[in-house]
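Novice: Questions regarding the structure given below will be posed in turn.
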Amino acid sequence: MPLFYVRARPAIDLLALQAVIESSHELKEGDTRVPEWPDNGLGFNSARAGLKWLLTRLRAQRQKSLSVGVQAFTCESVLSAILESGNLPVFLDISREHLSSPLSEVSRSLAEVLILTHLSGIPNPDYAGIATECKRRNVLLIEDLAQTWGASVCGAIVGTLGDVALLSFGFDKPISAFRGGMLWVNKSGSLPKLLPELHRDYWALPQEAPAGAARDLYRLSLYYGLTEPDVYQAGLNYYSLADAISVRQGKSVERIRREVGILQSLPAYRVFDRIYGRSREWFPIRVQRLGEPKKRYLAALFAAYEEIAERRRQLALRARAYLEKDMPGLEFPGNPGSATTAPCRLTALARSSSERDDVIARLRDRGIEAGGFNWSYLAMERFHRLASQASQFPNAKDVSSRILNLPIWSESIWA
Ligand SMILES: Cc1ncc(COP(=O)(O)O)c(C=O)c1O
């Protein structure tokens, strides 16, 4: 199955984006004009890079490999970060109700570090209990908020009870620098006493060059132009998209084609795969500090985050209403769209794998891109075998066979 990245479209601030792209050659480190970058936020070239860096530091500090608890269904790059940092994954099954690991699994696990993933915008309802359990057992709690920044459980915003939160600014996240991530060190967690040391090591890392960071931001603007709903929905044909974007950006079709690198007429999703695939990195994970242009651009967007999250909640509700009417039998774990969620995409569970494929085909016939999760359970099973524990994760396996990813980046999709 092709990778349907078009299911995501970040919110962007075009003026801020253009301003940083144009002035990228002037941006210097330590420039005090960078707006509101949090002093406990360490920016990286990707979330996986931040995670690899932190786990490497922890291993060096404790002078041994650590067992790192992680969901049996999660982003493959998280598993790569654990292995590349020289630590060992210990897998936890997930819940079918909220797609994260329940307290019972956490209590059973012998992990020394826990990566708790709040998946698909859904906060883990056992969050407070898990945080208490981690404190009690002296387990460092890293919260993966790549898909769920801004959600809350009983008034506690995710990221505020753990030790470190991991954010991603990849192109398919609500706020994006095309590639980028951040470790947000919780001041009330156990790491602040290490902050001076972490900062020292952090500042010794190489930084993304301004030109490279500006190129990523340019790719982001290209991607954004190509996913303009009226253009994108009008026909999934590469030439019409290239024409549209060349008019909008005042660039020649030839230049767009050069940048995208395809000369034949192709379905749009292939174009998106190509734009992203070209900049994609697999392994080893390169660790760099986030480039200044990206830092400046993202910092300008942080203030708008709650507004962006609210719009996505409304879109999730709209998509659900459409699906509940037209595609009976779908379940929506975690009640996405409710005030405590922070949806990045809408996730549903079909009753079976074949029913999922059927829903995907029916929605595609209507011009709506639906897909399975872009994580392969098959690839994850290879990681499971590396762990020293029994590798049976029935819920993770079941969910991965029935899960649907649905787009919520524009009102017009679910009209
Ligand atoms: C839950 C989760 N964690 C981590 C990551 C990795 O983020 P990045 O691509 O910035 O390394 C992703 C990426 O999609 C993700 O969805």
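Residues are listed down the side, and each one gets a yes or a no for (1) of a type outside the set (Gly, Ala, Ser); (2) touching an Asp or Glu at 6+ places or on another chain (Cβ under 6 Å); (3) at pLDDT below 90:
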position	(1), (2), (3)
Arg9	yes, no, yes
Gln18	yes, no, yes
Ala60	no, no, no
Lys64	yes, no, no
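Novice: Okay, moving on. Can you name every residue in region 326-339 that is at pLDDT 95 or above and either part of a helix (DSSP H, G or I) or among the aliphatic types (A, V, I, L, M) (or both)?
Specialist: Here is the first cut: in region 326-339, the residues at pLDDT 95 or above are 330-339.
Scanning region 326-339 gives Leu330, Ala339.
Novice: Within region 196-210, is even one residue aliphatic (A, V, I, L, M) and buried (at least 23 other Cβ atoms within 10 Å of the Cβ)?
Specialist: Just the residues of region 196-210 that are aliphatic (A, V, I, L, M), to begin with: 198, 204-205, 209.
Going one step further and asking which of them are buried (at least 23 other Cβ atoms within 10 Å of the Cβ), we end up with none.
Checked against the condition, which is being aliphatic (A, V, I, L, M) and buried (at least 23 other Cβ atoms within 10 Å of the Cβ), region 196-210 yields no hits at all.
Novice: Next up: Contact list please: Cβ distance under 8 Å, first residue in region 284-310 and of a type in the set (Asp, Glu), second residue part of a helix (DSSP H, G or I), pairs at least six apart or on different chains.
Specialist: Matching pairs, first to second residue: Glu292/Ser24; Glu292/Pro210; Glu292/Ala213.
Novice: When the residues of region 20-51 are filtered to those that are within 19 Å of Gly159 (Cα to Cα) and of a type in the set (A, V, I, L, M, F, W, C), which remaining residue is modelled with the lowest pLDDT?
Specialist: Residue satisfying both the conditions and the ranking: Trp37.
Novice: Here is a further query. Go through region 97-108 and count every residue that is closer than 22 Å to Gln147 by Cβ and over 20 Å from the mean Cα position of the chain (by Cα). Write out each step before concluding.
Specialist: At the first step, the residues of region 97-108 found to be closer than 22 Å to Gln147 by Cβ are 97-103, 105-106.
Still in the running and over 20 Å from the mean Cα position of the chain (by Cα): 97, 102-103, 105-106.
The total comes to 5.
Novice: State all residues of region 348-358 that are surrounded by 20 or more Cβ atoms within 10 Å (Cβ to Cβ) and either at pLDDT below 95 or more than 30 Å from Ala156 (Cβ to Cβ) (or both); if no residue qualifies, say none.
Specialist: Ala350, Arg356
Novice: Can you give me the number of residues within region 340-369 that are of a type in the set (Lys, Arg), within 12 Å of Ile403 (Cβ to Cβ) and not in a loop (DSSP other than H, G, I, E, B)?
Specialist: 1
Novice: Would it be correct to say that Ser77 is more than 21 Å from Leu161 (Cα to Cα), within 16 Å of the ligand (Cβ to nearest atom) and not acidic (Asp, Glu)?
Specialist: Working: more than 21 Å from Leu161 (Cα to Cα): yes; within 16 Å of the ligand (Cβ to nearest atom): yes; not acidic (Asp, Glu): yes.
Answer is yes for this residue.
Novice: Moving to a separate point now. Any idea which of Arg382, Arg366 is loosely packed, with under 15 Cβ neighbours inside 10 Å and closer than 23 Å to Arg313 by Cα?
Specialist: Values: Arg382 fails: closer than 23 Å to Arg313 by Cα.
Step by step, each of Arg382, Arg366 is checked, and only Arg366 is loosely packed, with under 15 Cβ neighbours inside 10 Å and closer than 23 Å to Arg313 by Cα.
Novice: Continuing with the same structure: What about Gly291, is it under 30 Å from Arg362 (Cα atoms) and either within 19 Å of the chain's Cα centre (by Cα) or surrounded by 21 or more Cβ atoms within 10 Å (Cβ to Cβ) (or both)? Don't jump to the end; show me each part of the working.
Specialist: Working: under 30 Å from Arg362 (Cα atoms): no; either within 19 Å of the chain's Cα centre (by Cα) or surrounded by 21 or more Cβ atoms within 10 Å (Cβ to Cβ) (or both): yes.
Answer is no for this residue.
Novice: Right, another one. Run down Ala156, Ala151 and say which single residue is of a type in the set (A, V, I, L, M), at pLDDT 95 or above and more than 16 Å from the ligand (Cβ to nearest atom). Walk me through how you get there before you give the answer.
Specialist: Values: Ala151 fails: more than 16 Å from the ligand (Cβ to nearest atom).
Answer to the selection: Ala156.
Novice: Still on this structure: Could you tell me whether region 53-71 includes any residue that is within 9 Å of the ligand (Cβ to nearest atom), in a helix (DSSP H, G or I) and not aromatic (Phe, Trp, Tyr)?
Specialist: No, region 53-71 contains no residue that is within 9 Å of the ligand (Cβ to nearest atom), in a helix (DSSP H, G or I) and not aromatic (Phe, Trp, Tyr).
Conditions tested, residue by residue: (1) among the basic types (Lys, Arg); (2) over 30 Å from Asp126 (Cβ atoms); (3) away from the ligand (no atom under 13 Å from the Cβ); (4) in a loop (DSSP other than H, G, I, E, B).
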{"site": "Lys173", "(1), (2), (3), (4)": "yes, no, no, yes"}
{"site": "Leu183", "(1), (2), (3), (4)": "no, no, no, no"}
{"site": "Leu194", "(1), (2), (3), (4)": "no, no, yes, no"}
{"site": "Tyr202", "(1), (2), (3), (4)": "no, yes, yes, no"}
{"site": "Leu205", "(1), (2), (3), (4)": "no, yes, yes, yes"}
{"site": "Arg215", "(1), (2), (3), (4)": "yes, yes, yes, no"}
{"site": "Arg219", "(1), (2), (3), (4)": "yes, yes, yes, no"}
{"site": "Tyr224", "(1), (2), (3), (4)": "no, yes, yes, no"}
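Novice: So in region 161-171, with the set limited to residues that are in contact with a strand residue (DSSP E or B) (Cβ under 9 Å, 6 or more places away or on another chain) and within 16 Å of the ligand (Cβ to nearest atom), which one is nearest to Ile130 (Cα to Cα)?
Specialist: Going through region 161-171, the residues in contact with a strand residue (DSSP E or B) (Cβ under 9 Å, 6 or more places away or on another chain) turn out to be 161-170.
When the remaining residues are screened for being within 16 Å of the ligand (Cβ to nearest atom), the result is 162, 164-170.
Values: Gly162: 9, Val164: 14, Ala165: 15, Leu166: 17, Leu167: 20, Ser168: 23, Phe169: 26, Gly170: 27 Å.
Looking at residues that are in contact with a strand residue (DSSP E or B) (Cβ under 9 Å, 6 or more places away or on another chain) and within 16 Å of the ligand (Cβ to nearest atom), I get Gly162.
The values are calculated or read from the model by the stated rules, or taken from the named source; none is laboratory data. Bear in mind that the values here come from a model prediction, so they are computed numbers and not experimental data. Every residue, glycine among them, receives a Cβ derived from its backbone with ideal geometry; neighbour counts consider all protein chains shown.
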